[in-house]
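The values are calculated or read from the model by the stated rules, or taken from the named source; none is laboratory data. Just so you know, these numbers come straight off a predicted model, no measurement behind them. Methodologically, a virtual Cβ is constructed for each residue, glycine included, from the backbone with ideal geometry; neighbour enumeration extends over all protein chains shown.
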Amino acid sequence: MIRTRRALDGIPRYVPGKSAESVAAEHELAEAVKLASNEAPFGPLPAAIEAAAATLATANRYPDNGAVDLVDALAARNGVAPEQVLVGNGSVQLCQHLFFTTIEPGDEAVFGWPSFEAYPIQAQQADAVMVRVPLRDHTYDLPAMADALTERTRLVFVCTPNNPTGTVVSRAAVDDFLAAVPDDCLVVFDEAYREFVTDPDTPDGIDLVATHPNVLVLRTFSKAYGLAALRVGYAIAQPEVIEAVRKLHVPFEVNAVAQAAALASLGAEAEMRARVAVVVAERERMYAALVQRGMPVVPSQANFLWLEVPDTAVELALHGERLGVVKRSFADVGVRVTIGTAAENDRVLDVLDSARSAGLI
């Protein structure tokens, strides 16, 4: 048996949502729908498919290590310099880079909880002391997070919209919070679901970068652009922050097919926005239907809804799987349901009605 780091003994593995195929096989169903991983209900944009397919002809060559064309396009789109943009193999890998960029063993990383499940895993990988601040009204409690900061705090995550609750932080709360954070502490606004936000009081993290040198914003092509399988995320911050993170860059981190598809997706912005509008309309329809049913649903600014069912979370998810609808359970906390197509969402309503009849809601 090889000798491994002692720290690995206490680090859990990330567990993704179950696939539709595995659930169908497990429960002997003809088919199932997966609404557990906040994926887009549509495929990639046509231009992305075309660009990705064309790139395969030169797959014998390494990709552009710096993803220069994609970086330039992202910089132009967001009104920043190319030196302020770094792309990675999904925003989750960039999260990992941020831990190893800022944390010495024993330093503190602060984030709300429940939130993105990768944060505590990556914190342990970096030997960080985790400071998990409970949400307030299902939202990041920024005043409480400010109170939790110490001289050992090096990294703060603000997930907005928050995964799994779908809530956002307000402009005033963010302004007060940033005023309380020391300049040598990196504040990361994880905005994987930003394209789905309709609340005008939600600040755009990229606007904050210009006025706060210690702010970094994470975005992704996995959600609104429908490229989850290709793994393309990006960070925007001041050049000196990006340069520090770049030292953790893995050679050829973003493959050529992913770069081409992401770049083509940026050129189809109007089509992406039209698809997002459909998802947002379905989100609002589903929320209204669940409120009308008296179910414990939380208003969302993302592409999913959160049901606060701490006593029955696991049982409720299993009930859905038996009926061919895969949701994501968070034991003792709640259940997250991705917004799918209209037909898939109607199926969710039927499953939840059945669950209520069974006493699970």
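Residue pairs whose Cβ atoms lie under 9 Å apart, separated by 6 or more positions or on different chains, with the first residue in the range 119-133 and farther than 14 Å from residue 12 by Cα and in the same structural domain as residue 97 (by TED's automatic domain parsing) and the second assigned to a helix (DSSP H, G or I) and of a type in the set (Phe, Trp, Tyr), are 128/99; 130/119; 132/119.
Number of residues in the range 315-334 that are aliphatic (A, V, I, L, M) and either within 21 Å of the chain's Cα centre (by Cα) or closer than 16 Å to residue 296 by Cβ (or both) equals 5. Listed by first and then second residue, the pairs linking a residue in the range 1-25 that is assigned by TED's automatic domain parsing to the domain that holds residue 321 and among the small types (Gly, Ala, Ser) to a residue that is part of a loop (DSSP other than H, G, I, E, B) and exposed (fewer than 10 other Cβ atoms within 10 Å of the Cβ), with Cβ atoms under 6 Å apart and 6 or more places separating them unless they lie on different chains, are 24/31. Looking at the range 205-235, which of its residues are within 30 Å of residue 340 (Cβ to Cβ), out of contact with any Phe, Trp or Tyr (no Cβ under 9 Å at 6 or more places or on another chain) and either part of a strand (DSSP E or B) or hydroxyl-bearing (Ser, Thr, Tyr) (or both)? Once the filter is applied, which keeps residues that are within 30 Å of residue 340 (Cβ to Cβ), out of contact with any Phe, Trp or Tyr (no Cβ under 9 Å at 6 or more places or on another chain) and either part of a strand (DSSP E or B) or hydroxyl-bearing (Ser, Thr, Tyr) (or both), the range 205-235 yields 222, 225, 235.
Table: residues versus (1) in contact with a Gly (Cβ under 9 Å, 6 or more places away or on another chain); (2) touching a residue at least 60 places away in the same chain (Cβ under 8 Å).
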site: 283; (1), (2): yes, yes
site: 290; (1), (2): no, yes
site: 299; (1), (2): yes, yes
site: 328; (1), (2): yes, yes
site: 335; (1), (2): yes, no
site: 343; (1), (2): no, no
site: 349; (1), (2): no, yes
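Remark: residue 246 falls outside the filter, which requires a residue to be modelled with pLDDT of 95 or more, touching an Asp or Glu at 6+ places or on another chain (Cβ under 6 Å) and surrounded by fewer than 20 Cβ atoms within 10 Å (Cβ to Cβ).
Is it the case that residue 284 is modelled with pLDDT of 95 or more, surrounded by 15 or more Cβ atoms within 10 Å (Cβ to Cβ) and not assigned by TED's automatic domain parsing to the domain that holds residue 214? Spell out the reasoning first.
Numbers: modelled with pLDDT of 95 or more: yes; surrounded by 15 or more Cβ atoms within 10 Å (Cβ to Cβ): no; not assigned by TED's automatic domain parsing to the domain that holds residue 214: yes.
In short, no.
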